[in-house]
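What follows is a short report on a single structure.
Since every read-out is calculated from the coordinates, none of them should be taken as a lab result. All values reported here derive from a predicted model rather than from experimental measurement. Positions of Cβ are backbone-derived with ideal geometry, glycine not excepted, and every protein chain shown enters the neighbour counts.
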Amino acid sequence: MQITITHDRPEGPRAGPITVGWFLTSDKGAVLFDPPERLVQRPPNRGHAKSAARCPAVVQMESRYFVVKCPYDLHLGFGRDDKGKAHLVNRLGAASPVRPAKLNELLTMVNQNEWRFPDRPTVQLNLPYCFIADEPVYLSQIGTFAHYRADPLPGTIFGGRFPIDVWPRPLMWAFEWHDTARDIVVKRGEPLFYVQFEGEGPDRPVQVVEVERTDELSGYLEKISGVVNYVNQTFSLFKAAEGLRPPTLVVPKKR
């Protein structure tokens, strides 16, 4: 007997807003993590008819980006031990609001042989933010281009783009350190990165809602987690992942 696996998610053109769910992969310290916020600039000059604040193109663009804020105060320097191995230096020392043992759990200096450039270290900050959709939606993670910093960061963030309907995964802040003579300083509440969502229909608005971490969702995450440790091209697994996916994963959280 042949068994065909199908999903109830409708195919073809869609109408109405794209619903994207967000959740934290763990409740531990959940109070630290602000909900993603829509990027909306609120400049003082909205009264003039020709103000950029009222430009439809500007408003449309900004409405499609969502901000993920930094949950910690971090001040990091770059160093090497007596064997030349690169490591992070916590410049705040005893004044750091994050305990050293916890800082080591949150932050990772990627092995030097995995850096994209030999003189640009890669630092990763682990985060519990995860996004999911019940229709084809791609997430793009990008830098905070609309956030002005008087003291710019000494490098750039690694962006990324992947389908959250079949490949939901916790996001991280991956930073490529161009100028290691300058420290990385980020403050709690400061924009850390933006996320943008692409679905079927470029004119459809996007709504982001907090969702329940249901048994079905947790089970699906378990099936696709950690595979990056075993294969190089995880995108090749999308078809197999879709075959394991429950029909519905987005269940808005009731307040």
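Descriptive notes on the structure:
- Using θ = phi - 60° and Karplus 6.51 cos²θ - 1.76 cosθ + 1.60, couplings along the range 74-81 (whole Hz; Gly, Pro as x): 10, 9, 10, x, 10, x, 9, 7
- Subtracting the Cα-Cα distance of R204 and K28 from 0.36 nm times their residue separation leaves 59.9 nm of extension gain.
- A simple packing score, the average count of other Cβ atoms within 10 Å per residue, orders the peptides 113-126, 82-95 as 113-126, 82-95, with the highest score first.
- Residue ranges 192-205, 213-226 sort as 192-205, 213-226 when ordered by packing (mean number of other C-beta atoms within 10 Å per residue, highest first).
- Förster-model FRET efficiency, 30 Å R0, K187 and D119, C-beta, rounded to 0.05: 0.65
- Cα gyration tensor category, rounded, prolate or oblate, for the chain with a/c compared to 1.5: oblate
- Using a cut-off of 26 Å between Cα atoms, the listed pairs K187/K223; K102/K253; K28/K253 include K187/K223; K102/K253 as exceeding that distance.
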